[in-house]
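The values are calculated or read from the model by the stated rules, or taken from the named source; none is laboratory data. Bear in mind that the values here come from a model prediction, so they are computed numbers and not experimental data. Positions of Cβ are generated from backbone atoms using ideal geometry, with glycine treated the same way; all protein chains shown enter the neighbour counts. The protein model used for the area step is the full one, side chains on, heavy atoms only, and it has no ligands, DNA or RNA in it. Shrake-Rupley method; radii C 1.70, N 1.55, O 1.52, S 1.80 Å.
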Amino acid sequence: VDDAIERLGMGRFQLMVLASAGLCFAADAMQLLMLSFLGVVLRKEWDLTTDETAFITSILFIGAIFGTLFLGPIADKKGRKPVFLLAGSIISIFGLAVAFCTTYWSLLSVLFVVGFGVGGLTVPFDILAECIPSHSRGKNLLVIEYFWTIGVLYVVMVAYLALGEGGPDQDTW
């Protein structure tokens, strides 16, 4: 572990911030990609139109716009750590609530709130950029993108295991 820390040019604190921010990026990736699989399943289960299915993903981005516009300035005024914790809590709680949605409109409402929390995920990236020494900042800000990739691969693996090779309806894939 100490060799890895030394190669990254950071201390333990910066590595913890990198891991925290990275896990947020992985969660963001998992949430976004999960919606593509969820949309296909719900289209069949809830007899949704193409537009309704597309709006399932769109509502998350709409929430993220509002979250970024609201949480970013709050982080500048009240501090990044409280907003980081708030965004993480919103994503965790409402991300779990997605599993309990039984109607299209309840799903859209919950996904909007999840998106609002996702809008706050710019804050951990800012914290990371501020904590890393300038000589290793570029390299380590790039490392965080590996977390996104890991999150995407995780969702694909889980979807494959849960839905099977052809998904809920082989004709829709």
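Structure values in brief
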item: Alpha-carbon gyration tensor eigenvalues x 5, square-rooted, for region 45-103, Å; result: 29, 15, 5
item: Segment Val156-Leu69, length gained on full extension (0.36 nm per residue, minus Cα span); result: 28.3 nm
item: Cα-centred dipole magnitude for region 14-173, charges only on beta-carbon of K, R (+1) and D, E (-1), debye, nearest 20; result: 760
item: Whole-number accessible area per residue in Å² for the chain, which is evaluated in the context of all protein chains at 1.4 Å; result: 58
item: Rh by Kirkwood over Cα pairs, then Stokes-Einstein D for region 79-122 at 1.306 mPa s and 10 °C, µm²/s; result: 151
item: Mean Kyte hydropathy of 1.0 or more with a Cα span along the axis of at least 30 Å, helices from DSSP in the chain; result: 12-45, 137-163
item: Prolate/oblate/rounded label for the chain (Cα gyration tensor, a/c 1.5); result: oblate
item: Extension gain (nm, one decimal) between Thr103 and Trp46, 0.36 nm per residue minus Cα-Cα; result: 19.7 nm
item: Most mobile of Asp28, Asp51, Asp126 in a GNM of the chain (Cα contacts under 10 Å); result: Asp51
item: Fluctuation leader among Val118, Val158, Val40 - the chain, Gaussian network, Cα springs under 10 angstrom; result: Val158
item: Residue-span extension gain [Tyr146 to Ala54] - 0.36 nm each, minus C-alpha spacing; result: 30.4 nm
